[in-house]
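This report refers to the structure that appears directly beneath it.
The values are calculated or read from the model by the stated rules, or taken from the named source; none is laboratory data. Computed from a predicted model, the values in this text were never measured in an experiment. Reconstructed Cβ throughout: ideal geometry from the backbone, glycine too, with neighbour counts over all protein chains shown. For accessibility, only protein heavy atoms count, side chains too; no ligands or nucleic acids. Shrake-Rupley method; radii C 1.70, N 1.55, O 1.52, S 1.80 Å.
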Amino acid sequence: LITSLGAKETESKYQSLLSHLSHPPAFTTVRVNTHLSSVKHVKKMLLEEIQKQFKGICVPVLEHPELQDILLIPAIGPRQDLKKHESEVIVGAQCGYAVLRGAHVYVPGIISTSKFMKAGDLVSVYSDIEGKCKRGAKEFEGVKVFLGNGISELSRSEIFSSHGPVNGMGIRMIEPVYLSPSFDNVLPSHLFLQNLPSVVVSHVLNPQPGERILDMCAAPGGKTTHLATLMHDQGEVIAMDKIANKVKRIKQNAELLQLNCIKAFCYDGTKALSVEKREDEQEGPPFLPESFDRILLDAPCSGMGQRPTMSYSSTLKELMSYQPLQRKLFTVAVKLLKPGGVLVYSTCTITLSENEEQIAWALETFPCLQLQRQEPHIGGEGMRGAGLALDQLKLLQRFDPSAVTVQGMDIKALQDSQEDDLISLANKDCIGFFIAKFIKLNGK
């Protein structure tokens, strides 16, 4: 990157990226389950729900002109005028990120509370972003980020007693720093909470009714269920993941959204290729070569495009471990794809080594693959630095959170904005993400 842009511009880009990654995206994106309901009908129900939650604050729900199965809800914030309370609750980093995107605080996320906290107390909630707070501590002086104010549903002793609840709501957020709707049990069979680029991926793969599709690393099933919906639940979507609990989640999501063409298997994608026909009639993996019309490889990655993220605990060794794994999975995917079939590779990270470098490697390693134009193309083009030609970079799709300068939105700014400008902001101010689309040529 330094070779391509120069040290000064690279440093500036890096700082801007870190700043954007530490804030949530400007919009909450929900995908409508069009298998069960129309976008217009769900939009009406969602507006009613948001009005209930926001108690009179008027926030629009926008339809996307190119992604016609999603709705966009602006996140209001960061709100600067919130008063901090004496009673404090410290939550873990992952819980904190969820709160910044509209969630309440559930008991498993609570690490510590003030000494005399009772049910019904007004409390200020903070995130322990470095993971240094000890469970059950009565005070914490380490690095913490203010997330907003809430009402405690339980006392300190109930939360930390050995017989206390292990789940359920701990703090009901009433003044979050970012005002976003909570989707806990909100229209569960009609809506799927999904980041905008994750929705784009399934549209780029463009599965057709009657086809056989493989989602190689499928959990928790957002893209799997989207693929099945786009196929009108006709055909077969094989979903794989190597962690049993995650496969269970895929099955639950398919059932909730009433999709029948999904078959989920607990299996390691790197071992999903079988060179000889099996004797049994089992329909699951491993599969023979050239078994699928289209394959989605949403690869395991460093996740450095996820937002909000305020600190990274991964070591350099861990970050470098993803590239070889991605290449193993990619090699299996190419062999499982029929000639003339489509392969989409995606990640939710911003590193060159897991994205453009992988594409350069794939094109060199597999002469049968050809990069394809993506539809819709909402993100920017690929990043320089991996040796790809400019026309190849234009075929790639990279969502770069640092590409937008706006930070924060209040009610007045929202009311003064044109809908087109808000859609444009939603397209840019999202998570970091990368997509490449290939076709497998015949006879190679």
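Can you pull the Rg over Rh of the chain, Cα-only, Kirkwood? Write down the numbers at each step before the final one.
Values: Rg = 22.7 Å, Rh = 23.2 Å.
In the chain, Rg relative to Rh is 0.98.
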The Cα radius of gyration of the range 55-125, divided by 2.2 N^0.38 Å with N its residue count, comes to 1.47
A 1.4 Å probe over the protein heavy atoms gives the chain a carbon and sulfur accessible-area percentage of 51
Taking the convex hull of the alpha-carbon atoms of the range 1-40 and averaging its shadow over every direction gives an area in square nanometres of 5.0
Applied in sequence order to the range 191-208, the curve 6.51 cos²θ - 1.76 cosθ + 1.60 (Karplus, θ = phi - 60°) yields integer Hz couplings, x standing for Gly and Pro, of 10, 10, 6, 8, 5, 3, x, 5, 6, 4, 3, 5, 5, 5, 5, 6, x, 10
Here the relative contact order (percent) of the chain, from C-alpha pairs under 8 Å and at least 6 apart, is 17
Restricting to Cα pairs under 8 Å and 6 or more apart, the percent relative contact order of the range 27-125 works out to 26
Under the Karplus relation with 6.51, -1.76 and 1.60 and θ = phi - 60°, whole-Hz ³J(HN,Hα) for the range 291-299, x at Gly and Pro, equal 9, 10, 6, 9, 10, 9, 10, 8, 6
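Using Stokes-Einstein with the Kirkwood hydrodynamic radius over Cα pairs, what translational diffusion coefficient do you get for the range 258-353 at 37 °C and a viscosity of 0.692 mPa s, in µm²/s rounded to a whole number? The partial results should precede the final answer.
On the way: Rh = 15.5 Å.
For these conditions, the coefficient is 212 µm²/s.
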Whole-Å distance linking the alpha carbon centroid of the range 329-360 with that of the range 67-95 is 35
Per-residue accessible area, 1.4 Å probe, largest first, puts Ile431, Ile350, Ile151 in the order Ile151, Ile350, Ile431
The set of residues whose placed amide H lies less than 5 Å from the amide H of Phe287, leaving out same-chain residues fewer than 5 positions away, is Leu273, Ser274
In Å, the C-alpha Rg and Dmax of the range 1-155 are 19.6, 58
Listed by chain and number, the residues whose amide H is under 5 Å from that of Ser87, excluding neighbours fewer than 5 places away on the same chain and using placed H, are Ser124
Between Thr315 and Leu363, the two model label points (7 Å from Cα along the beta-carbon direction) sit apart by a distance in nm of 3.5
Here the Kirkwood hydrodynamic radius of the range 194-440, Cα-based and in Å, equals 18.8
Calc'd 3J(HN,Hα), the range 435-442, phi into Karplus 6.51 cos²θ - 1.76 cosθ + 1.60 (θ = phi - 60°), Hz, glycine/Pro = x, comes to 9, 10, 10, 10, 10, 9, 6, 6
The rounded separation in angstrom of the Cα centers of the range 210-241 and the range 7-24 is 35
Rounded to the nearest 500, the 222 nm mean residue ellipticity computed for the chain from DSSP H runs (n ≥ 4, each -39500 (n - 2.57)) alone is -8500 deg cm²/dmol
In the structure shown, of Lys248/Lys428; Lys246/Lys271; Lys248/Lys440; Lys223/Lys328; Lys132/Lys248, the pairs separated by more than 28 angstrom at the C-alpha atoms are Lys248/Lys428; Lys248/Lys440; Lys132/Lys248
A convex hull over the alpha carbons of the range 128-269 yields, per residue, a volume in Å³ of 166
With every protein chain kept in place and a 1.4 Å probe, the chain has an accessible area per residue in Å² of 47
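If you take the Cα Rg of the range 88-176 and divide it by 2.2 N^0.38 Å, with N the number of residues, what do you get?
My calculation over the Cα atoms of the range 88-176 gives 0.93.
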Distance in nm between Leu441 and Phe54 label points, each 7 Å along Cα→Cβ, equals 5.2
Expected sort for 351-359, 215-223, 116-124, 55-63 on mean C-beta neighbours within 10 Å, highest first, is 215-223, 351-359, 116-124, 55-63
Per-residue accessible area, 1.4 Å probe, largest first, puts Tyr312, Tyr345, Tyr97 in the order Tyr312, Tyr97, Tyr345
Cα-only Rg/Rh for the range 196-327 with Kirkwood Rh rounds to 0.99
For the chain, the longest principal axis of the Cα atoms and the Cα long axis of helix 244-256 enclose an angle in degrees, to the nearest 10, of 90
quick note, the chain, DSSP beta bridge pairs, % antiparallel (nearest 5) is 65
